[in-house]
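Data first, discussion second: the structure below is written as structure tokens.
The values are calculated or read from the model by the stated rules, or taken from the named source; none is laboratory data. What you are looking at is a predicted structure, and each value in this text was computed from that prediction instead of being measured. Every residue, glycine as well, gets a Cβ built from its backbone with ideal geometry; the counts of neighbours run over all protein chains shown.
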Amino acid sequence: MPSEEGLPKRGGKNMTVELPVSSNSGAEGIREIAQQRTRIAFLLTAVVLILYLGFMLLIAFAKPMLSIQVTDGLSLALIFAAAIIVLAWLLAWYYVSWANKHHDTALAAHQRMYRR
Amino acid sequence: MNAVTTLGQPNVAAITSFLLFIAVSLFITYWAARRTRSTEDFFVAGRGITAGKNGLAMAGDFLSAAGFLGVGGLVSLVGFDGLIYAFGGAVLSWPVMMFLYAEPLRNLGKYTTVDVLSYCLRSSSVRVVSAIVTLALVLMYMLLQMVGAGNLIHLLFGLSYETGVMIVGVIMTVYVLFGGMLATTWVQIIKAALMIIFAAILTWLVLAHFGYDLLDVSRGAAQRSGPAVLAAGNMLSSPVEAISLGVALIFGAASLPHVLMRFYTVPDALTARRSVGHAISVIAGLSLMLFVLGFGAMAIVGPDVIRSVDRGGNMALPLLAEQLGGTVFLGVFAAVCFAIILAVISGLLVAGAATLSHDLWVNSIRGGRAMDKEELAVARIATVVLCIIAIGLGWIFKGQNLAFLVGLSTAVAASANFPVLVLVLYWRRLTAAGAVAGMATGLIVSLAMIYMSPLVQVDILHNAAPIIALRNPGIICIPLAFIVAIVVSLVTQRRDQIEHYAMIEREMLVGRANR
């Protein structure tokens, strides 16, 4: 499946957010945290879309391929369909664990430093 | 009514389980009513729902009896093609909702998503237009659910369609009117739990029937109806139509007002995120079970028998329950279906009442100067009014072909709600004028394109040819709404645009200061 193996690396790249201690209100740090979450959110949304549209296009263009039965009673169409549901669940799980680990920590650290 | 089944005949197990459900839910309503004092209690259950409960309630709001029995039935009749709708609409929209919306909406909103838009864009015209879009969506879904409920109750219990619609309407009003969001949430939690439990029991019975060999289920189905049912058939032959439907299902189902409203019932963003995680687990699990149940019904009951009871296949799962578990199990299963049907419009009612009372009455007409007490009273009146409308619509549209409405509601959610919601959260240059133009474009273009499509022109007006061939307008109206919102925003930029967005971006993470 596309770009699955690339995900953990991307999430881990900026895992410790560097807080700009010198800035007066912490606005820079908040921006960075927000933009990092946005990047992950859009990247994962794109993965969902690619998966689903890819599957819909297979349905439109590659019907004979989808009807191949790997073993008796198990067609490629059914395998792909079940795989997509499982992948959707895994992507969500990945996001929750990323956000719990990195996003919440960075945000909490930032809030401690610049409490109003 | 039919020699092959006792469906639709009085059944002691069904009536007992049904009365039990009513008793439990009314007790919950009584309990919730004593805890519902402020508007915050009424609209968002005092923001005290935990992640697990909220996840179940979100799944409950989203999964209708019509959807569950309908998809199961469709699979039992046509096989794999019946699952296509379930993917985009039911499963893949949830991760998108989690990534794009969960935390920002929780932190920016008070009771509704209309609130988020009007707060971020500092505009009351945005409030009015997005309230109209919300109400249009709530009414379309209510109508669809009411018609589905009336039909299902008729098929399951032999009651008349009108009585079914009436029962659903009255019981729903009682839940929402007295118990507010707290009672609604619990009703949805029970509904989702019942759905999982009974789907699991039925799946287990199907597997037991085939000696616990998963592949024997699909082999059995293929034996009965030919191997073609295991792969894609003629549904969605055109790639444009396929993409158009896919995008609209994902973005539309991710932007439903009554589901998004559940983000405000939890204490913080972390809980909002986790709730969606739980909801996804429930929905993914149920979808996978539907594979087994649909093909199981095809193999065990057979499409001919299913069609002889209901042409659309809606009774496939109850028939399967009867065949595998006997009359008593059918009775309990039918009562569970009834509970699922009952719960269906409660979430829509709360969402509609919140928009009418909080967004339109208090913040638009009264300029935000109404007391809590007045807001609550208006919300309760709105609940009753909405319910009367829902019952009336249900009666008027009895027996009508509503396929166009499914397409229309999806297109409106995906093109009037989704683009502007994404832009307001993630694009700093969106202006109030841009948002209004984007929402209006999405709404009007969806309406026009559905009207010109085969769904209305051929299926309803019986014209020889449609004005446009596309059945699913998503591929045109979603990008169009984005473009219009962006272009109008760029020519109506305010001087403090960037600073204001910096504040919004901050509040998306840490919550609104003046809530």
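Looking at the stretch A:91-115 only, could you name the residues that are more than 10 Å from chain B (Cβ to nearest Cβ), free of Cβ contacts under 8 Å to residues at least 60 places away in the same chain and either part of a helix (DSSP H, G or I) or closer than 22 Å to A:Y52 by Cβ (or both)? A:T105, A:A108, A:R112, listed by residue number. In the stretch B:257-294, which residues are of a type in the set (G, A, S), more than 10 Å from chain A (Cβ to nearest Cβ) and within 30 Å of B:D81 (Cβ to Cβ)? Within the stretch B:257-294, B:G294 is the sole residue that qualifies.
Determine if the stretch A:99-110 includes at least one residue that is under 11 Å from B:G277 (Cβ atoms) and either surrounded by fewer than 17 Cβ atoms within 10 Å (Cβ to Cβ) or under 11 Å from the mean Cα position of the chain (by Cα) (or both). Write out each step before concluding.
Of the stretch A:99-110, the ones under 11 Å from B:G277 (Cβ atoms) are A:99-100.
If we keep only those that are either surrounded by fewer than 17 Cβ atoms within 10 Å (Cβ to Cβ) or under 11 Å from the mean Cα position of the chain (by Cα) (or both) too, we end up with A:99-100.
The answer is yes, given that some residue of the stretch A:99-110 is under 11 Å from B:G277 (Cβ atoms) and either surrounded by fewer than 17 Cβ atoms within 10 Å (Cβ to Cβ) or under 11 Å from the mean Cα position of the chain (by Cα) (or both).
Those helices (runs of 4 or more DSSP H) of the stretch B:67-146 in which 3 or more residues are β-branched (V, I, T) and crowded, with 24+ Cβ neighbours inside 10 Å occupy B:113-121. Do you know which of the residues in the stretch A:40-55 that are facing chain B (nearest Cβ under 8 Å) and not aliphatic (A, V, I, L, M) is farthest from B:D81 (Cα to Cα)? Applying the filter and picking the extreme gives A:F42.
Selection of the stretch B:346-374 for residues being of a type in the set (D, E, K, R) and surrounded by fewer than 23 Cβ atoms within 10 Å (Cβ to Cβ) yields B:R366, B:R369, B:D372, B:K373, B:E374.
Just one of the listed residues (B:A228, B:A232) is touching a helix residue (DSSP H, G or I) at 6+ places or on another chain (Cβ under 8 Å), under 25 Å from A:I79 (Cβ atoms), facing another protein chain (nearest Cβ under 9 Å) and surrounded by fewer than 24 Cβ atoms within 10 Å (Cβ to Cβ), namely B:A228.
Every condition in (1) modelled with pLDDT under 90; (2) among the small types (G, A, S); (3) under 22 Å from B:P318 (Cβ atoms) is met by B:G89 except one, and the failing one is (3).
Quick check, is B:V487 surrounded by fewer than 17 Cβ atoms within 10 Å (Cβ to Cβ) and away from chain A (no Cβ under 14 Å)? Yes. Of everything listed in (1) touching a helix residue (DSSP H, G or I) at 6+ places or on another chain (Cβ under 6 Å); (2) within 29 Å of B:G285 (Cβ to Cβ); (3) at pLDDT 90 or above, the single unmet condition for A:Y52 is (3).
Out of all the residues in the stretch A:56-90, which are within 7 Å of another protein chain (Cβ to nearest Cβ), in contact (Cβ under 8 Å) with a residue 24 or more places away in the chain and either more than 24 Å from B:L270 (Cβ to Cβ) or outside any helix (DSSP H, G or I) (or both)? Of everything in the stretch A:56-90, those that are within 7 Å of another protein chain (Cβ to nearest Cβ), in contact (Cβ under 8 Å) with a residue 24 or more places away in the chain and either more than 24 Å from B:L270 (Cβ to Cβ) or outside any helix (DSSP H, G or I) (or both) turn out to be A:A81, A:I84. Tell me, which residue of the stretch B:41-86 that is in contact with a Phe, Trp or Tyr (Cβ under 8 Å, 6 or more places away or on another chain) and on the phi > 0 side of the Ramachandran plot is modelled with the highest pLDDT? Looking at residues that are in contact with a Phe, Trp or Tyr (Cβ under 8 Å, 6 or more places away or on another chain) and on the phi > 0 side of the Ramachandran plot, I get B:R47.
Scanning the stretch B:30-41 for residues that are touching a residue at least 24 places away in the same chain (Cβ under 8 Å), buried (at least 24 other Cβ atoms within 10 Å of the Cβ) and either of a type outside the set (G, A, S) or not in a helix (DSSP H, G or I) (or both) turns up at least one hit. If you go through the stretch B:235-250 and keep only what is facing chain A (nearest Cβ under 7 Å), farther than 24 Å from A:G73 by Cβ, modelled with pLDDT under 85 and buried (at least 19 other Cβ atoms within 10 Å of the Cβ), you end up with B:A242, B:I243, B:G246.
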